Amino acid sequence: MDWNKNKNRFIISLIVILLFSLNSNSQEFDAEKYRMLYNFKTVKQADNTRLLEVSFNARNNEDTKDIIPVFGAEIKFYSSLEEKEMLLGSSKTTKEGIAKLILPGNQKYLTNKDGNITLNARFEGSDKLSEESEEIIFKNVHLELDLKEIEGIKTAIATVYTINNLGEKIPVETDISLYVNSMFAKMKIGEGSITDGEFEYHFEFPTDLPGDINDNLTAYLMIEDHEEFGNVIQKKTAKWGVFHQHKKEKKLTLWSQYAPIWMYVVLTILLVGVWANYVYTIINLFKIKNEPDAFETKNIIRNT
Amino acid sequence: MENNKTEKETDRRKFLKLGLLSSVSVVAGTSLVSNLASVDEKLQSEKIRLLTPEGKIVEVDATNINKYPEAHITPTESRKGIPNRKFVMVIDLAKCNNARSCVESCQKAHQLDYHDEFMKILLIQNNEEDAPYWFPKPCFHCDEPPCVTVCPTGATFKRDDNIVLVDNNRCIGCKFCITSCPYSARIFNWGHKAKFDNKDIPYSPETGIPGTEGTVMKCDFCPDLLRQGELPHCAKACPMGVIYFGDKNEDIVTNGIETLRFSKLIKDRVGYRHLEHLGTKPNVYYLPAVNRDFPLERGLDKDEEILERYKNVPFIEEFIKSSKI
Amino acid sequence: MDLANRKKELVEEFSPMIVKTSLWGKLWIGGLIAIILVGLYAFFVQIQKGHEITGMRDNVVWGIYIINFIFFVGISYSGAFISGILHFYETSWKNSISRIIEIMTVLSLVIGPIFILLCIGRLDRLHYLFLYPRIQSPITWDIIAIMTDLIGCFIYLLLTFIPDFAILRDSKELEIPSWRRKMYKFLAIGYKDTPTQSKRLHKIKNIMSAMIIALAIVAYTVLAWIFSLTLQPGWNSTIFATYFIIAGLYSGVSVIIISMYVIRRVYKLENYLKKIHFIGAGIVLLVISLLYGYFTFSEYFAKWFSHKTSDTNLLNTLFGRYFWEFILANYIGIIIPIIILFFKKLRTIKSITFAAIVAVLGMWLNRYIIVVPTLETPFLPIQDTRTEYLFYSATWVEFALSFAGIAAFFLFFTLLIKLVPIIPMSGIIEHERKVIKKTKNYTDGLE
């Protein structure tokens, strides 16, 4: 794993060197004219891992459409508590100006007595670029999703809680949304809020969604931009789809690779008919060619 | 880089020799000569700028930036299509204000020249009383594609995922498909361009890059992006979210901002297909320009060259007249 | 009748045509070659620079190349049709014009398809048509039809040439180089005019005549379908194939009349190409021009009357930007020939030829009117600022190649007349034989 990371780093830096050596026409960056856009966000993903993401760009003050991604900047991620800081890892920005770090589910963070975790993403700055840093404070919340048929109704059951120092589940108050996955994006199919003291929320699941070819539907339960919990995602798949793809018969049409049979038949009949006549004509031409003997023999007979 | 140059040099000599040798086969000989002529021209590829932590702005070839699918899709593979998908596009005319982001990003991605547009934005006014509206027009990827029907070599083909593609290695340039498309969706490479010689990326009908002289091109729904689960360039680029795209099998379309049920969207907004009576069964649906988000005039804030295109539309004629008075 | 003597007489009569080339003749050939060379240069320019050098662009993707293609193939088709019919038609005067028609048929069928090749963006990939054929495409049908038609017409032409080749081969006194004699010997394929040979030849000629009539109709129908099977407003018409066939006959008969006139003047063949030929052809042209006018009227009348938007747009283009072309092609080009040919008093050799010239020019323009304005008026408006993308105008390359095509037609015609007499000698002999046989039967009957 570590070696892999190092290898990737090595390759990236190699690319960087290459890029730079190829482009001798690089130009000096005028920090006056640009404003740095530095944005840090974190999402707790369905497999309990946590994604940390920084996007780092420079925006032209005069032309706001002129946004230059910062490439190859090292971003260090910390978990911090008061004066203490723990390095979680670091990552370099890509050509899109994005640095990502994925932390495993069992990652330890510095947590204060209320259960709050503070994460910090920092760019340490260089001669030309100033230091950038952003902080996110959140509480680790647990989100569970179950897809069940209750009394014939397809139901998505959301469970949300936090765990206190004693290991007890504590209900929380939050808005949640239910999405269903598709090829390009997630579609929202329900919203709800969990009120004080409750653990569960029931969504009625739509019954007419096609899903994929195996009738599988993946539902996503999300807490979005919550001031206390941030972004949290949970997902679950069920065979609840009604895939109605048209029967897959390879029809012979005007636009398919092969034509309808009758076209071949007609074409063959026409061509065979014509070419048979050509061949017949040519055979006769050869017969004409090989005939002089007959004429001569006739003459000979007549003469004698 | 240096190596490349010398390689090209020797290649060129080889070409010359070949060209002389094959002067008997006139056609081959001259097309080689025409290839030669353009080797010298600088490859004008798209550049993007990056800022380094050291405070330098560097320009990098956009081709290095374009994220092509890891696996190269060969012309043969590109005939199959993405399994179990039926792609469909919905264009919401009420939101379009002729921002032209779709056109520009499409041109950039497909390495098209300024005037070559896979996506065209027309200004349509059905009659003099009718309100004109901006009409983004990609290829409709019809279910009964007349262009595919008339192709004598199968260079253009319809895949199982609804996409109609052109294989520029197969196309003989008879242009029959162009005349048979009632939507004028196809364009032709009339001459040779230096960028066609760029062999950095292997050709795939799914990207259409590099182009080929004497062949036909058109909007391809960007299958290279679809394979990565991304929306086509036009849909991604539109700042108004005009262009929805999705898999009809899933019955879900998205414009990157909102994601909706395709069937419900078409029913609620009375979606229609352009020139339905021609029986081509397009896979591009339009939502009528009712309750518009922007006044039409918003789209007139454009270069002279762009505005000039619409001068025959009755509304624009009126507009010019009144603004002069 | 002494057959050998009669043959000798005929060879003597026609030998100046075959053996000598006058100074004017040489100049004529030189001039044609010069025009063809200019065309070849234009072709090289087009290969080198691509189709950019032509006036064709994304909207009008087909220009005068395809117009020439339709035009030449139309002439060929009508030639095949007429000569096929003449073969079954027992008349004394057909012999004088049959060869003109046959040569015209084959030559225009050789030259026409060259123009479609000029239209193709990648000539180096032409073999893909056979590597990856799709038989749903009308282009595939067209290629098959034209190739089959071409081979059929060549065979037919050879059949009609064989007896004359045999006569020329046997004419020892003809002053021709030995390579030509060898060629005659080879091409005559040992034909000795024995009864069995002549019977056999007649039989296969019958078959091939029927074949080329059918093929001509199929080939030209398929060509019309290239247009009428698309959705384009000006093209998608059920009468298009028939309309094309009539129009092809119109230009074909006109070209026959013009050729008759020129050949009669140049080779002083007043004895063979008589006024009756011109009157006959003129009346055929009259009938066809009435039909052609009727089809043209129906085609546009239906569009005007039902006035679908797309049709109305097309008519606006036709009566707007193309007003004079439309008038010249579809009014002048039809009405003038009808007027000249309708009145008996106006039917002189010169006036009939004039009518034919008007018809041919009108026909070519009519093709232009069918192809270009339709492409300039698609379903969706063309919103572009580049004038060359809005309106088509042919460039010098296209004109040079078009004139080269016409020059090649004349050149090959001239050269073929040098190869065999334009009036089939064998036909004259056969006719005389029949007359003798008839009178003999008659006198036998009297005794």
Entries of A:LYS154/B:LYS95; A:LYS41/A:LYS113; A:LYS239/B:LYS267 with Cα pairs more than 30 Å apart = A:LYS154/B:LYS95
Under the span-like rule (Cα at least 18 Å along the axis, Kyte-Doolittle mean at least 1.0), DSSP H helices of chain C | C:23-49, C:64-87, C:94-118, C:138-170, C:240-267, C:275-306, C:349-376, C:396-419
Counting other beta carbons within 10 Å of each Cβ, put A:THR118, A:THR64 in order, fewest first.
-> A:THR64, A:THR118
Shielding of B:152-160 by partners, i.e. mean partner chain Cβ atoms within 10 Å per residue?
-> 6
Residues of B:185-192, mean number of Cβ from any other protein chain within 10 Å of their own Cβ, rounded to a whole number?
-> 5
Bin width 5 Å, alpha-carbon pairs only: give the P(r) of the range B:77-287 as whole percents, running from 0 to the bin holding the largest distance.
-> 1, 7, 15, 20, 21, 18, 11, 5, 2, 0, 0
Quick one: putting +1 on the C-beta of Lys and Arg, -1 on the C-beta of Asp and Glu, what dipole do you get for chain C around its Cα centre, in Debye to the nearest 20?
-> 1240 debye
Amide H contacts under 5 Å for B:ILE163, placed H, 5+ residues apart | B:PHE87
Show the residues, 5+ positions off or on another chain, whose built amide H is closer than 5 Å to the amide H of A:ILE170.
-> A:THR162, A:ILE163, A:ASN164
In Å and from the alpha-carbon atoms only, list the Rg and Dmax of the protein assembly as shown.
-> 38.5, 145
Using the structure shown, select from B:LYS108/B:LYS193; A:LYS65/A:LYS100; B:LYS120/B:LYS311 the pairs with a Cα to Cα distance greater than 19 angstrom.
-> A:LYS65/A:LYS100
Considering Cα pairs under 8 angstrom that are at least six residues apart, work out the relative contact order of the range C:232-378 and quote it in whole percent.
-> 38 percent
Descending packing, highest mean Cβ count within 10 Å first, for C:78-89, A:265-276, C:59-70, B:71-82 is C:59-70, C:78-89, B:71-82, A:265-276
In the range A:165-248, the trypsin sites (Lys or Arg not before Pro) that fall in loop regions by DSSP, at most 12 other Cβ within 10 Å | A:LYS239, A:LYS247, A:LYS248
Can you give the average number of partner chain beta-carbon atoms within 10 Å of each beta-carbon in peptide B:225-235, as a whole number?
-> 1
Counting only DSSP beta bridges fully inside the protein assembly as shown, the antiparallel percentage to nearest 5 is 95 percent
Got a sec? How would B:CYS147, B:CYS142 order by Cβ neighbour count within 10 Å, fewest to most?
-> B:CYS142, B:CYS147
Sorted from largest down, what three extents in whole angstroms do the Cα atoms of the range A:30-139 have along their principal axes?
-> 46, 31, 20
Determine, from the Cβ-Cβ distance of A:LYS65 and C:PHE301 and an R0 of 60 Å, the FRET efficiency 1/(1 + (r/R0)^6), rounded to the nearest 0.05.
-> 0.60
Distance (nanometres) between label positions extended 7 Å along Cα→Cβ at C:LYS185 and C:THR439 | 3.7 nm
Roughly what % of Cα-Cα distances in the range A:142-238 sit above 18 Å, to the whole percent?
-> 46 percent
Give the long-range amide H neighbours of A:SER182: residues separated by 5 or more places, or on another chain, with amide H under 5 Å away, using H modelled in the peptide plane at 1.01 Å from N.
-> A:MET187
Quick calc: nm separation of the 7 Å Cα→Cβ label points for B:LYS281 and C:ASN206 -> 5.1 nm
In the range A:33-96, the GluC sites (Glu not before Pro) that fall in loop regions by DSSP, at most 11 other Cβ within 10 Å | A:GLU62, A:GLU82, A:GLU83
Rounded to the nearest 0.05, what FRET efficiency is calculated for A:ILE153 and B:ASN84 with R0 set to 30 Å and r the Cβ-Cβ distance?
-> 0.60
Which of the pairs C:LYS172/C:LYS418; A:LYS235/B:LYS80; A:LYS108/B:LYS236; A:LYS287/C:LYS172 have their Cα atoms more than 28 Å apart in this structure?
-> A:LYS235/B:LYS80; A:LYS108/B:LYS236
Along Cα→Cβ, 7 Å out, is where each label goes; now give me the distance between the ones at A:GLU134 and C:ILE283 in nm to one decimal.
-> 9.6 nm
Please find the FRET efficiency linking A:THR162 to A:THR207, where r is the Cβ-Cβ separation and R0 is fixed at 41 Å, and quote it to the nearest 0.05.
-> 0.80
Most exposed first, judged by fewest Cβ atoms within 10 angstrom, A:ILE75, C:ILE357, B:ILE121 run C:ILE357, B:ILE121, A:ILE75
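Every number here is computed from the coordinates shown, using simple stated rules; none is lab data. The structure presented is a predicted model; accordingly, all values stated were derived computationally and were not measured. Note that each Cβ is placed from the backbone with ideal geometry, even for glycine, and that neighbours are counted across all protein chains shown.
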